[in-house]
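Structure first, then comments.
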Amino acid sequence: MDWQLLALTFGTVFVSELGDKSQLATMSISGKSDAPRYVFLGSAAALLLASLISALLGESVAQVLPTRALKSIAAAIFALMALRLLVFKQDRSCFSRSNDRPT
Amino acid sequence: MKSFIRYKIKVSNSIKPDHSKPDSLLEIQLNQSRLESDREHKSDRRQKSGFLQVTLTTFVTVFLAELGDKTQLTTLMFTAQSNSPLIVFLGASIALVLSSLIGVIAGRWLAKNFSPQLLDTLAGLSFMLLAVGLLWDAVR
């Protein structure tokens with residue numbers, strides 16, 4: 001076990017991840033949701049899969065997955081959710097277990 | 001005699017059980033437990049579908065936001081430099097799980113300490129920020 005490499009990877013990824021997009025997304029979702037446990041589960045699983053993919057594929061990620069197209073789609077989804085919240089004031093979010101307001 | 005019979009009929013009429021109301025304690029208890037089990041069943045079902053919905057939507061959202069991100073580039077660089085992708089993956093995993101835990105806790109803290117209206121605005125702004133950031137990544 002190469003502890004130094006482990007610590008180095010952990011430290012670098014952790015620092016670069018703090019306040020990053022995915023953490024911002026996780027924070028907003030968990031603030032709007034009434035099921036933080038499941039938000040954590042989904043978020044952790046997504047991050048693990050993303051990092052597994054990059055660890056396995058290395059530099060060929062962009063060749064295997066259409067990252068630009070996926071990012072554009074994600075941008076559209078986030079913009080839609082932002083509009084729903086800011087302009088239309090619709091509160092029934094897809095991140096809540098029920099349609100009631102999260103408490 | 002006639003009047004006595006009429007009286008009896010009257011009495012027996014008034015004694016006849018009224019079916020619109022539960023007439024025994026047992027029946028009340030039965031009804032109550034039936035209602036409770038009904039309610040439990042419903043909330044159980046809702047929780048089950050909620051589990052999938054919340055987990056999946058969060059998964060897709062975070063996965064799309066994270067794909068090709070600078071964290072991935074860091075992981076990638078480490079993988080390329082070292083010959084032990086497993087350890088790199090392990091270190092990155094722990095960091096990512098911890099960071100998402102912090103994200104969830106911070107979100108709960110915000111939800112507890114701010115009004116729902118302000119929370120909506122904050123979440124909307126952060127979603128907007130994410131959209132812009134992702135679009136920037138895609139165009140770049």
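So here's what we get for this one:
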quantity	calculated
Label-to-label distance, nm, for residues given as residue A:83 and residue B:117 (7 Å Cα→Cβ offset)	2.5
Solvent-accessible surface (1.4 angstrom probe) belonging to residue B:137, in square angstrom, nearest 10	30
Extension reserve of the residue B:83-residue B:105 stretch, reckoned as 0.36 nm per residue once the Cα distance is removed	4.4 nm
Solution diffusion estimate, µm²/s, Stokes-Einstein, the range A:3-86, Kirkwood Rh from C-alpha pairs, 20 °C, viscosity 1.002 mPa s	144
Residue B:135 accessible area, 1.4 Å probe, all protein chains in place, Å² to nearest 10	90
Pairwise burial A:B, computed as accessible area of each alone minus the pair, summed, 1.4 Å, Å²	7000
Exposure ranking of A:68, A:37, A:84, B:140 by accessible area [1.4 Å probe, largest first]	A:37, B:140, A:68, A:84
Carbon plus sulfur fraction of accessible area for the range B:46-140, probe 1.4 Å, in percent	75
Simple Cβ-charge dipole of the range A:3-86, Lys/Arg +1 and Asp/Glu -1, about Cα centre, in debye nearest 20	260
Convex hull per residue volume in Å³, alpha carbons only, for the range B:46-140	121
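The values are calculated or read from the model by the stated rules, or taken from the named source; none is laboratory data. For clarity, every value in this text was computed on a predicted model and none was experimentally measured. Heads up, the Cβs are rebuilt from the backbone with ideal geometry, glycines too, and the neighbour counts pull from every protein chain shown. Accessible surface areas use protein heavy atoms only, side chains included; no ligands, DNA or RNA. Shrake-Rupley method; radii C 1.70, N 1.55, O 1.52, S 1.80 Å.
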